[in-house]
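Data first, discussion second: the structure below is written as structure tokens.
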Amino acid sequence: MDFLNCTDGFFATSNNSYDSLENTKLPPSKIVLTIILSVVAILTTFLNCLVITAIAVTRKLHHPANYLICSLATTDLLVAVLVMPFSIMYIQKEMWIMGQAVCTIWLSVDITCCTCSILHLAAIAIDRYRAITDAVEYSRKRTFARAGAMVALVWFLSILISLPPILWRHFSSDPEHENQCIITHHHMAFTLYATLGAFYIPLMLILILYYKIYKAAQTLYMRREASRASRHSCMTNGSMIPSTYPAGDGDVDGGPRSPEPISPVEKSISDPSTEENPRDRARVSKAFQCKARRHDSRSESRKSQLYQGPRISGSRERKAASTLGLIIGAFVICWLPFFVKEVIVNTCSSCSTSMEMADFLTWLGYINSLINPLIYTIFNEDFKKAFQRIVRCSHYL
């Protein structure tokens, strides 16, 4: 996706490129690098195909929110199939040997799909923010048509952002770059347009939305715990929940409690009519004992839930924070170095990067297409079960 290099960037040809072509035997380092990058491309293809298949064949996953996940997986699959193989060949040969027409197509797909993948992450953040902050109203608006419209908008913006670099390359062809596949420019406006639209604006949107999502989830957990404690307090003072327990089962302070009141239904069973025969009375007494045991069990369960409530809430908050941190961290680590390099190289005339460093930063961004299907599905139990069925080649409902 190196569409902004005007120096010896990712697609730049080194001085020894022709010598490397003449030498038919690749050095061991190049062989190892080719194998590693090929494995990354294969894993990216497999994982994204797995996500697409799971959504397509699992009825439980047919949800508008998962359409964004499916579209993201499709975009990352295109990166793995149409972008990574050509990049591996380019790195291996150190020059472009497939003609300028193929170069233009490859650059178009590269820029569009990488930008689209980033914008999908922003769209998913918007969808999750609306779902947690306006759950009732947004659940009505969260339709398949709206999800399809959001996917179409993401692709439209991606094409809009990636089109100027391709047009600039077409109208400013340089004979010196005949054996290269790069886009050169010397305009600050061009750099700002491409980097802001493809990364920095989506990054700020993702950071702000996921911060608000975390705060909203934290507030929601606190309200639920307060509501649970309030319900327990009201039920404890009522007539259906015993306010006394056997010895050793009471509160921490071990204070005395009043005797347990009996509801009218329980009283009619415990005080049967004298006209009942002994067998019926024994049957009723046995049924009451069973019900009393179930009643005590439910009371103990409610009591344990009350004492474990803050602990559960804290666990959920930590899990939510770790999930959001993983999503944001993976995105920032993969793409931020590449776009920082693009801004520095194209705004500083004396700054440049080595071809190896440019290769590394570009593939670090490509790896985000490998990570996305993992972090956006691994925390969902429905996806986990669907993946297990697919791997086991089971039948689906």
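The values are calculated or read from the model by the stated rules, or taken from the named source; none is laboratory data. Given the structure is predicted, the values throughout are model-derived calculations rather than measurements. Note that we place each Cβ from the backbone using ideal geometry, even for glycine, and neighbour counts take in every protein chain shown.
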> Applying the selection to the stretch 114-152, what residues are without any contact (Cβ under 8 Å) to a residue 40 or more places away in the chain and either assigned to a helix (DSSP H, G or I) or farther than 21 Å from LEU209 by Cβ (or both)?
Replying inline: ARG130, ALA135, VAL136, GLU137, TYR138, SER139, ARG140, LYS141, ALA145, ALA149, ALA152
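Tell me whether the stretch 358-369 contains one or more residues that are at pLDDT below 90 and surrounded by fewer than 21 Cβ atoms within 10 Å (Cβ to Cβ).
Kept after step one, since they are at pLDDT below 90, are these residues of the stretch 358-369: 358-359.
Remaining after also requiring surrounded by fewer than 21 Cβ atoms within 10 Å (Cβ to Cβ): 359.
There is at least one residue in the stretch 358-369 that is at pLDDT below 90 and surrounded by fewer than 21 Cβ atoms within 10 Å (Cβ to Cβ).
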>> I'm told CYS114 meets every condition in (1) surrounded by fewer than 20 Cβ atoms within 10 Å (Cβ to Cβ); (2) touching a Gly at 6+ places or on another chain (Cβ under 8 Å); (3) not polar (S, T, N, Q) except one. Can you identify the failing condition by its number?
In response: (1)
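Looking at this structure, is ALA330 hydrophobic (A, V, I, L, M, F, W, C), surrounded by 14 or more Cβ atoms within 10 Å (Cβ to Cβ), modelled with pLDDT under 80 and within 27 Å of PHE379 (Cβ to Cβ)? It would help to see each step written out before you state the result.
On the way: hydrophobic (A, V, I, L, M, F, W, C): yes; surrounded by 14 or more Cβ atoms within 10 Å (Cβ to Cβ): yes; modelled with pLDDT under 80: no; within 27 Å of PHE379 (Cβ to Cβ): yes.
Here the answer is no, as ALA330 does not meet what is asked.
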>> With the requirement that a residue be touching a helix residue (DSSP H, G or I) at 6+ places or on another chain (Cβ under 7 Å) and surrounded by 21 or more Cβ atoms within 10 Å (Cβ to Cβ), what does the stretch 333-357 give you?
In response: CYS334, TRP335, PHE338, PHE339, LYS341, GLU342, ASN346
>> Which numbered condition in (1) at pLDDT below 90; (2) in a helix (DSSP H, G or I); (3) of a type in the set (Gly, Ala, Ser); (4) under 26 Å from HIS120 (Cβ atoms) is the only one that ALA56 fails?
In response: (1)
> Taking into account only those residues within the stretch 331-376 that are outside any helix (DSSP H, G or I) and touching a residue at least 12 places away in the same chain (Cβ under 8 Å), which is nearest to the chain's Cα centre (by Cα)?
Replying inline: TYR376
> Which one of ALA145, ALA131 is at pLDDT 90 or above, surrounded by fewer than 19 Cβ atoms within 10 Å (Cβ to Cβ) and more than 17 Å from ALA73 (Cβ to Cβ)?
Replying inline: ALA145
